[in-house]
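Read through the structure below, which is laid out as structure tokens, and then see the notes.
The values are calculated or read from the model by the stated rules, or taken from the named source; none is laboratory data. Because the structure is a prediction, the values reported are computed rather than measured. When we count neighbours, we look across all protein chains shown, and the Cβ atoms used for this are built from the backbone with ideal geometry, even at glycine. Remember, those area values only see protein heavy atoms, side chains included, never the ligands or the DNA or RNA. Shrake-Rupley method; radii C 1.70, N 1.55, O 1.52, S 1.80 Å.
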Amino acid sequence: MQLLFERSEEHGGAPGLALLAGEVTPLRAPALKLPHIGWSALRWRRDSPLREGVPEPTFLYHVHSFAVRPADERIVLATAEYGETFPAVVASGNVYGAQSHPEKSSKHGLALLANFARVCAGARQGASVGA
């Protein structure tokens with residue numbers, strides 16, 4: 001997910017793909033150990049095809065020291081907490097990202113991955129030749 005944004009402060013700074021406006025900065029968790037390694041509750045802000053079969057709240061596994069700071073908060077689908085509330089799932093148009101490791105997050109993480117695949121398959125079926 002972090003690569004989707006314009007820039008990151010990680011490793012002294014680097015440009016991202018700039019598919020989403022915003023930047024990546026260190027996670028603000030001064031009283032906690034970094035990197036954040038463990039389970040955090042995902043809380044949905046709005047409905048999305050990615051949410052199907054993923055309860056509220058659900059716990060997903062995270063390993064990170066940085067968090068995205070979107071220029072437009074409306075792209076945040078879900079948040080989690082570790083020292084601060086951070087964007088956990090984002091979406092803008094046909095661009096989606098997740099901060100967690102859904103592949104390591106048991107059945108609800110697998111449901112999230114299945115939803116990503118379903119969204120991608122739907123976009124592919126709706127695409128015209130040459131698009």
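Just so you know, in the range 33-84 the residues that are more than 14 Å from the chain's Cα centre (by Cα), over 22 Å from GLU103 (Cβ atoms) and acidic (Asp, Glu) include one that is modelled with the lowest pLDDT, and it is ASP47.
When the range 90-104 is filtered for residues that are free of Cβ contacts under 8 Å to residues at least 60 places away in the same chain and open to solvent by less than 50 Å² (accessible area, probe 1.4 Å), the ones remaining, listed by number, are ALA91, PRO102. Could you list, in sequence order, the residues of the range 29-71 that are hydroxyl-bearing (Ser, Thr, Tyr), open to solvent by less than 30 Å² (accessible area, probe 1.4 Å) and farther than 20 Å from ALA117 by Cα? Across the range 29-71, the qualifying residue is only SER40. Given the condition in a helix (DSSP H, G or I) and among the small types (Gly, Ala, Ser), answer yes or no: does some residue in the range 77-100 qualify? No; the residues of the range 77-100 include none that is in a helix (DSSP H, G or I) and among the small types (Gly, Ala, Ser).
Is it true that LEU19 is open to solvent by 70 Å² or more (accessible area, probe 1.4 Å) and farther than 25 Å from VAL119 by Cβ? Against the criterion (open to solvent by 70 Å² or more (accessible area, probe 1.4 Å) and farther than 25 Å from VAL119 by Cβ), LEU19 does not qualify. Residues in the range 31-63 that are closer than 13 Å to LEU77 by Cβ and either part of a helix (DSSP H, G or I) or in contact with a Phe, Trp or Tyr (Cβ under 6 Å, 6 or more places away or on another chain) (or both): PRO49, LEU50, ARG51, GLU56. Residues that are surrounded by 17 or more Cβ atoms within 10 Å (Cβ to Cβ) and either of a type in the set (S, T, N, Q) or in contact with a Lys or Arg (Cβ under 9 Å, 6 or more places away or on another chain) (or both) within the range 3-16 comprise PHE5, SER8, GLY16, listed in sequence order.
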